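A short worksheet on the structure shown next.
The values are calculated or read from the model by the stated rules, or taken from the named source; none is laboratory data. Because the structure is predicted, anything quoted here is derived from the model rather than measured. Note that each Cβ is placed from the backbone with ideal geometry, even for glycine, and that neighbours are counted across all protein chains shown. Areas reflect the complete protein model, heavy atoms only, side chains present, ligands, DNA and RNA absent. Shrake-Rupley method; radii C 1.70, N 1.55, O 1.52, S 1.80 Å.
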Amino acid sequence: MKLLLTSAGITNPSLREALCDLVGKPIAESNALCIPTAAYGQPQSTPVGVWRFISGHSQQPMVELGWKSVGVLELTALPTTSADRWTPWVRDADVLLANGGDALYLAHWMRQTGLADLLPSLGETVWVGFSAGSMVMTPRIGADFVAWEPPSGGDKALGVVDFSIFPHLDHELLPENTMADAERWAASLGNPAYAIDDESAIRVVDDVVDVVSEGHWRQFPAA
């Protein structure tokens, strides 16, 4: 699986170009599934916010990029149906678009449904996350970002990559997301990490990691 781990969606031409390169064909010829699930674990999330994501009216461009088709994959519904039904939907998608919200809630439902176990077999599929939809791929999110608590406790996410992500760096509406806050957060982790602003993303292909950015970001080595 290829990853484009953004802070706030495809917010600039560099990120759009990176996405097209990962998919290997124009967006207008590509099929996407959007995954809204993470929003339901976030205390501040509302039904309107979920609708904006699914309908392509959010401030984090994902669904509204001009896909050939977009379907909705709500993970909390999957336990009521057979994996033989929904697995082909995932395999047929070129791109999976993961909403923001709560990363641990999303990780929980990805494990519960079996989607997490399916990821290694999706070699050419592109996962595009924003905020929690990106953080879910990390080994841990850090205590600062824990809101919904999983049954097992802790802050462990899926560990698809070996680094953690601090999103929305220096966002004007998030005074707790300064570079100094990111430094303190990174020092508590014990693994490598990145802090990225809303104009940046981390691209992962075959264990090769780089940053695509029209903003600012910082890499932190393991403390």
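Please specify each residue of segment 151-168 satisfying the condition of being open to solvent by 30 Å² or more (accessible area, probe 1.4 Å), under 12 Å from Ile141 (Cβ atoms) and assigned to a loop (DSSP other than H, G, I, E, B). Residues satisfying the conditions are Gly154, Leu158, Gly159.
Given the residues Ala182, Ala186, Ala195, which is the only one that is of a type outside the set (Lys, Arg), crowded, with 17+ Cβ neighbours inside 10 Å and under 18 Å from the mean Cα position of the chain (by Cα)? Show your work before the answer.
Numbers: Ala182 fails: under 18 Å from the mean Cα position of the chain (by Cα); Ala186 fails: under 18 Å from the mean Cα position of the chain (by Cα).
Exactly one residue qualifies, and that residue is Ala195.
For segment 4-18, a residue qualifies if it is within 30 Å of Ala147 (Cα to Cα) and either out of contact with any Asp or Glu (no Cβ under 7 Å at 6 or more places or on another chain) or surrounded by fewer than 21 Cβ atoms within 10 Å (Cβ to Cβ) (or both), and the qualifying residues are Leu4, Leu5, Thr6, Gly9, Ile10, Asn12, Leu15.
Within segment 24-39, does at least one residue satisfy the condition of being open to solvent by less than 30 Å² (accessible area, probe 1.4 Å), out of contact with any helix residue (DSSP H, G or I) (no Cβ under 9 Å at 6 or more places or on another chain) and not aliphatic (A, V, I, L, M)? Working first, answer last.
We begin by selecting, within segment 24-39, every residue open to solvent by less than 30 Å² (accessible area, probe 1.4 Å); these are 27, 30, 32-39.
Applying the additional criterion that residues be out of contact with any helix residue (DSSP H, G or I) (no Cβ under 9 Å at 6 or more places or on another chain) yields none.
Checking segment 24-39: not a single residue is open to solvent by less than 30 Å² (accessible area, probe 1.4 Å), out of contact with any helix residue (DSSP H, G or I) (no Cβ under 9 Å at 6 or more places or on another chain) and not aliphatic (A, V, I, L, M).
Does segment 90-98 include one or more residues that are open to solvent by 40 Å² or more (accessible area, probe 1.4 Å) and in contact with a helix residue (DSSP H, G or I) (Cβ under 7 Å, 6 or more places away or on another chain)? No, segment 90-98 contains no residue that is open to solvent by 40 Å² or more (accessible area, probe 1.4 Å) and in contact with a helix residue (DSSP H, G or I) (Cβ under 7 Å, 6 or more places away or on another chain).
Among the residues of segment 159-180, is there at least one that is of a type in the set (Asp, Glu), within 22 Å of Leu4 (Cα to Cα) and without any contact (Cβ under 8 Å) to a residue 40 or more places away in the chain?
At the first step, the residues of segment 159-180 found to be of a type in the set (Asp, Glu) are 162, 170, 172, 176.
Those still in the list that are within 22 Å of Leu4 (Cα to Cα) too: 162, 170.
Imposing the further condition that a residue be without any contact (Cβ under 8 Å) to a residue 40 or more places away in the chain reduces the set to 162.
The answer is yes; a qualifying residue exists.
Here Ala103 meets the list (1) surrounded by fewer than 24 Cβ atoms within 10 Å (Cβ to Cβ); (2) closer than 20 Å to Gln42 by Cβ almost entirely, failing just condition (1). Applying a threshold of 7 Å to beta carbon distances and a minimum spacing of six or more residues, or different chains, the list of pairs starting in segment 105-116 at a residue that is touching a residue at least 12 places away in the same chain (Cβ under 8 Å) and ending at one that is assigned to a helix (DSSP H, G or I) and of a type in the set (Phe, Trp, Tyr) reads Tyr105/Tyr40.
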